[in-house]
Every structure is written in C-alpha cells, then in structure tokens.
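Peer 1: Sharing a structure with you now.
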Amino acid sequence: MQKHLVKKGYIKENIINDGNSFLLANGHLGYRGTLEEYDKAQLVSLNLVGVYDQYQDKWRESINLPNPFFIKCFVDGKEISVLKEKPLSHFLSLDLTKGYLSRHTEFSQIIINSKRFVSHKNDSLLSEKYDVTAKEDVQLSIIFGLDTDIYEINGPHFQKENIKRNKNVILFNGMTNEGKDLYLSYFHNVKGYEEYQKSLYKKDIHLNKGEKFSFVIFAIVEEERKDDIRKITASGFNHLLKEHCDAFFEKYSQAHIEIKGDKKADLAMRFSLYQLLSAGDANRCRGIPARGCSGQTYKGAIFWDSEMFLIPFYALTNPIVARNSLIYRINTLSGAMAKAKEFGYQGAFYAWESQDSGLEACSKYNVTDPKTGAPIRTYFNEKQIHISADIVYAFDKYIEVTGDSEILNEGGLEVIYQCALFFLSYAKKVDGKWHIYDVIGPDEYHERINDNAFTNYLTKYAVQTVIKYLKDKKVNPQSLHVDDINKLEDFANNLCLLNIKDSVIEQFDGYFALEDVSLSDLRKRIKDPKEYWGGEYGVASHTKIIKQADVCALIALFDKEFNSDIKEANFAYYYPKTEHGSSLSSGMYSRLAFRLSHVKEGYEMFKKSAEIDIVGSQKIYAGGIYIGGTHIASSGGAYLSLLYGCLGFSYNGEQIYLDPHLPKTFKEITMNIKFRKKKYVITVHKNGSYTIKERQDD
Ligand code: BGC
C-alpha cells in the first residue's frame, strides 16, 4: 500500500498544480504546496477558510494571510533557488495517512530538506523544519520570516496592518476592509540572527563541507488574540508533529481504503481521501468551500458540491464534519430566506455561492470574455434553484446513514420546510400540473430552461421528504400552517416529472430539438481556448452538448428508482454529449457506469475523478476567470462512486447490502465506514464475494 504521493524532478510548468497536489490543510487553514523560495507570483497562500472580506466593489472572498514559511538561501551572495537554476535532484513527498509534507532539493553547493504540517491537533498551528546541508565549504546567508506581500485574487483585504517584532517573535495584526481583526504570530528558533526589513530576518553562517544548519518555524492564526506562541510550541517541533500525525492518522483510519491489485487506483483513492480529510472541519460550522482549503477561487464559497459530494462522504467516515456542514445551513437560513424575499419568493432559496451569512455571493456576471475582459451575464445565482432541494437531500441522507434525527430539532426541520415552501412559491400550476419554469440544472451551459428533469425530480423528492418528516415529528416548525401539508402533497403528486422518449429522459423541455453536434465538431468552433461555452452566446448553449452529468447524475443518485433500460439508454445517450467541463461530472458517470456493469467506463471515470489534482487535468479558466485549486467534490465523487457504484453499497434501515462490479485490475477492496453509529470493515474480493464485519476499534 503506497502511503505517500511523491513527485520527483522539478518542472516549472507544474508550480500551480503542485500547489494543489501538496496542499496541507485542516478545514480551518490551508497552506498550498509551494516551495519556501516562492512568493505570490507562484500563488503561495495561507488561506483562512470561512472568513470573508470585500475590497471596494470586487468579489467578496476568503482571506489569505502572510506567508510564515518564506525562506531564501544565498551562497556567496548568489541566490540558490529552483526559480534560478535547475536543481540536480528534487522531490516532494506527501504522507497521505499522516498529513505532512517533505521536500528534498539538491543544488551543486547545498542540499535543502524541509518538513511541514498544518496541525490536526491544534488547528490554529502550522510549523516547518528547514535544513541546509553544505556539499562543500560555503558562506551561507538565509533570509526568512513573514512575507506580508500576500497573493490575492480580489484583494487587498487588510486595510490596516500592524507588525510588532520582539526578537524572534512577530505578531501580525491585520484589520480587514470589513473591520475584522486577525492575528498571526510567528516564531523561529534561529540563534545569532539579524533583523532584516520589517518582518524578515537574516542569518549568515559559514558551513564546512557536510555540515548542516537547521531551524524551526511556528505560526499560529487567531481570530481573537489569546495565546503566547512560545508557550503553545514549547514542547518542540517533533512533539507537535507527532501529535498532529496521530490526530490525522486517527481520522484516516476511520476512512481507510485499500485497493489491492491496482497501485495507481489505490494511490489516487488514498490521495482523494487525504484531500477530503484535510478539508473537513470538526470544530466549526463554516461549511466546506468548493475548492476546499486551497485558496480564494470561487470566492471561498460553499456550493451544492457540499451537499451532493461531500456530506455523504463525511456522514460515512467522520459524521461530526457532516453535521457541522448541515448546521452551517441551519445557521445561514436567514440569508436564504432573505434571498428568496429579494427575488419575490417565500421560504428558503439558498445561495448558489454561499459565504458566512448565507447571502448570495454569486454575481450576475460570473464569468468574463477572455479576449475583451467584458463581463458575461450568467443566471447561476437566480436560477440554480436545485440547491435548496440538494440541501434537503443531504439532511435526509445524513439522517439515514447516521441515525442522528436530532438535527431536525436543532433547526434542520425548519430549514427543509422553508426549502419546500420556496418550491411552492417558485413553481407554477398550469392546467392542473405543476411546472418549474426558468431554471438552470447541473448542466450550466443551458440557462433559463423549463422543467429540468434533475431539478423537478429532486424537488419532488425534497417535498416528499419534508412531508415525511413533518408527519413523523412531534415538534413542527413554528411557522407551519394547517393547510401547508395539503399544498405540499398536491405539489408532489402533480409535479410534471419526466419526458421520456425511447427510454431517454429529456434533460429539459425542448432539449431534444436542439442542434445535434458531436463534441469534437463543437470544439472546432471554439475561437479561444478559455472561451466560456455557456450563457446566451456560448458555443454549447444552442446544441445538445452539456457541461456535466445532469440526467445521469439524477439516475446515479436514485439508482433504485430507474429500471435498467432507462439507465442504459440515458448513459448511452448523454455520455458522448458531455464535455466534463466540471470536475463534478466524472464521479457521477462513473457511479452510474459501475451500476450498469460498464466497468471499463466506470473505472476510467473513477480514476479521472480520484486523481484530478495529482495530474492537474481540469480546466483552470471559465472565460477569463481563474477557477483553479483543489477539486474536493471530485474527490468526494470518486469515493461515492467506489462505494455506491463499484461496490453497490445500499441499505435498508440498519441493514447494509453490497452488489459489487469490480474492474479486472482490482483483486480486493477494503473500506472502513461508520453506519448508524457502528464501525464496519467491508472487504470485497475479485470474484465478487464479500464480508461486512463490525470493527470494535482500530
Ligand atoms: C460547476 C458547478 C459547481 C461549481 C463549483 C462549476 O463549474 O458547474 O456544478 O458547483 O463549479 O465546483
């Protein structure tokens, strides 16, 4: 079993993707996998998840802090850096089960080694140990400290900065444009240093051949100033690293997966697991952004990715993180209700891009023309109403998998009830049938369409779920009106559902009449590689080419509700028409393909989804807007595809079932899960036989 992601050799073109692959994070802080000699040009970022700020009229986004791991080496006055010369050897190695990063870079005169972590024991802490070894006698100078020249997408976010230095401790206090104070304490253990510029230090040292110079850096990020960094770190780097590794490994063990017989798939899945475990916050209810903890892309906002791709993973492995993400939706209900009101509806219309208050962060012009920079009108914020149904889905699945229905009494029931009321006010009844007009489904290239199969199906399911819980519960939402249940029942019973022709579900009303062009022919019409394919004038908008799984996502999610003819026909029809322009697509197709025994396609899409941030294959521009970073929903999609698709996991009450369809290369799969408060180890063999054993503890 390979426990490390290792990339050997230095390739400048991979700087951005390596920053994603080697990200260290704990749900609260994220530090990109960048090298010490880098600065904002290489997208170095220490991202504070879930704390937002707006600069002037730019997009409001999460905050990046100064970089505590800034270090530059000079030999005889000449800078030694991968940016200046090709190293003789170089590798980065990420321990996927313990969560720390090691670097080794050899130049002609010196060798650099470093080790760093973002703690899972104390989630305000990050630390690094840095060594330089001389290959010959050298006069070494090291410049290190806090780099306050921060990489920002829509910044600067600190209107005031105050830097106090007291010997080897620096306290950075920044006040955001919105008036929030944030603190970063920095501490190093170098002896005989000089103070250099406002937040940097310099150390000059002569090293004889073979001699090594080592030092350690600690940083603490706080929203309220309380702790002395020297006290917190008094036990030293090795001790704090061990505490972190133990805490990370405990999380990993609850979610452990091993795929025997296929090293690449095994490593890709473990990497996805690493990314998922790094993004979960067990201590705060802030929600998990679409790009995890990897930076400010997508404004650091929370999308439906959380409900459909992440919460179902955490519910089975680390339920407290799933719960926190749902509590985040409870805490932001007022924002969702304010949004509904703003657009003239009732109930809760959750934000397409949600930040701390739940108000909509998605702008009317969310992409730009890459050539002219002109904003392109998009309707994601106003029309992607399936988000409110996705939230009901996540509550329901969380309760089914964990048995924790108490969350309904803590505000969950109010949330899902308000979502149902929103649908009643959005939908229109025409000739006895309810319709949902003017929406965008998961395929964002087709805007303002009517009766999208995914949206309508999810909405019906959401409304039925709400009725189920309202009838079940002794406690009802305060705002429940006597005739609401009747109205909801009428809606669920009379909602226009699926238009099926030759077993193919029409994605939305009128879709079958669109131009039938192949993906390769459509690509020939593109004038700029970064061009946006959707919106009013996009190349895909008037064709059948879709951005991501839409009808097939619906079938993958509700596997038991569609017969095999429908599944086959829709997979065959939509798969070739899908661009996979969103990283969310492959996991859904993979899940469906496995259920159909199309093991080859299932396997290919699974691999694509799981290794996305190892290989860096995804688009990083939507029009002119940078959308790079880690694709955490793709990691979640890979996990769900392996469990629900490949292993055919399902349940009825307390009972678990499997129906495996394994790719040829898989000799055995082991997965640790939690289900209804019990821990299980699932083992599936090549011949399809399996065991489901209860684990007492690891
Ligand atoms: C996808 C959305 C997704 C968002 C964030 C977009 O490209 O189309 O479905 O929620 O990215 O991941």
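Peer 1: Express the accessible area of the chain per residue in Å², computed with a 1.4 Å probe while the remaining protein chains stay in the model. It would help to have the intermediate numbers written out before the result.
Peer 2: On the way: 26080 Å² over 698 residues.
Ligands and nucleic acids excluded, the figure is 37 Å² per residue.
Peer 1: Oh, and also: Quick one: how many lysine pairs in the range 415-519 have C-alpha atoms under 27 angstrom apart, if they're 8 or more apart or on different chains?
Peer 2: 25
Peer 1: Rounded to the nearest 500 deg cm²/dmol, what is the calculated helix-only ellipticity per residue at 222 nm for the chain, with -39500 (n - 2.57) per DSSP H run of length n ≥ 4? Before the final figure, lay out the partial values.
Peer 2: Details: 19 runs with 203 residues, N = 698.
After summing the helix terms and dividing by residue count, I get -8500 deg cm²/dmol.
Peer 1: Under 5 Å between amide hydrogens, which residues at least 5 positions from Leu495 or on another chain qualify, with H placed 1.01 Å from N in the peptide plane?
Peer 2: Trp434
Peer 1: Read phi for every residue in the range 173-183 and hand back ³J(HN,Hα) as whole Hz from Karplus 6.51 cos²θ - 1.76 cosθ + 1.60, θ = phi - 60°, with x for Gly and Pro.
Peer 2: Result, ordered by residue: 10, x, 9, 6, 4, 8, x, 8, 8, 10, 10 Hz.
Peer 1: Same structure, new question: Just tell me which aspartates and glutamates come within less than 15 Å, Cα to Cα, of Lys260; anything on the same chain fewer than 8 places away is out.
Peer 2: Here the aspartates and glutamates satisfying the reach criterion relative to Lys260 are Glu668.
Peer 1: Give me the percent of the accessible area of the chain that comes from carbon and sulfur atoms, probe 1.4 Å, all protein chains in place. If you can, show how the numbers build up before the last one.
Peer 2: Numbers: 12660 of 26080 Å².
Of all accessible area on the chain, carbon and sulfur atoms account for 49 percent.
Peer 1: With labels modelled as points extended 7 Å from the Cα through the Cβ direction, what inter-label distance (nm, one decimal) is found for His481 paired with Glu211?
Peer 2: A separation of 8.3 nm, rounded to one decimal place.
Peer 1: While we're looking at this one, here's another question. According to a simple spin-label model (label point 7 Å from Cα along Cα-to-Cβ), what is the distance in nm between Glu668 and Lys164?
Peer 2: 5.9
Peer 1: Which of rounded, prolate or oblate describes the chain when judged by the alpha-carbon gyration tensor and an a/c cut-off of 1.5? Working shown, then result.
Peer 2: Working: a/c = 1.72, a/b = 1.61, b/c = 1.07.
Prolate, since a/c reaches 1.5 and a/b exceeds b/c.
Peer 1: Could you tell me the distance between the Cα centroids of the range 391-434 and the range 351-368, to the nearest Å?
Peer 2: So the two Cα centres are separated by 22 Å.
The values are calculated or read from the model by the stated rules, or taken from the named source; none is laboratory data. These numbers come from a predicted model, not from an experiment. Quick reminder, even Gly has a Cβ in these numbers, built from the backbone with ideal geometry, and neighbours come from all protein chains shown. Areas reflect the complete protein model, heavy atoms only, side chains present, ligands, DNA and RNA absent. Shrake-Rupley method; radii C 1.70, N 1.55, O 1.52, S 1.80 Å.
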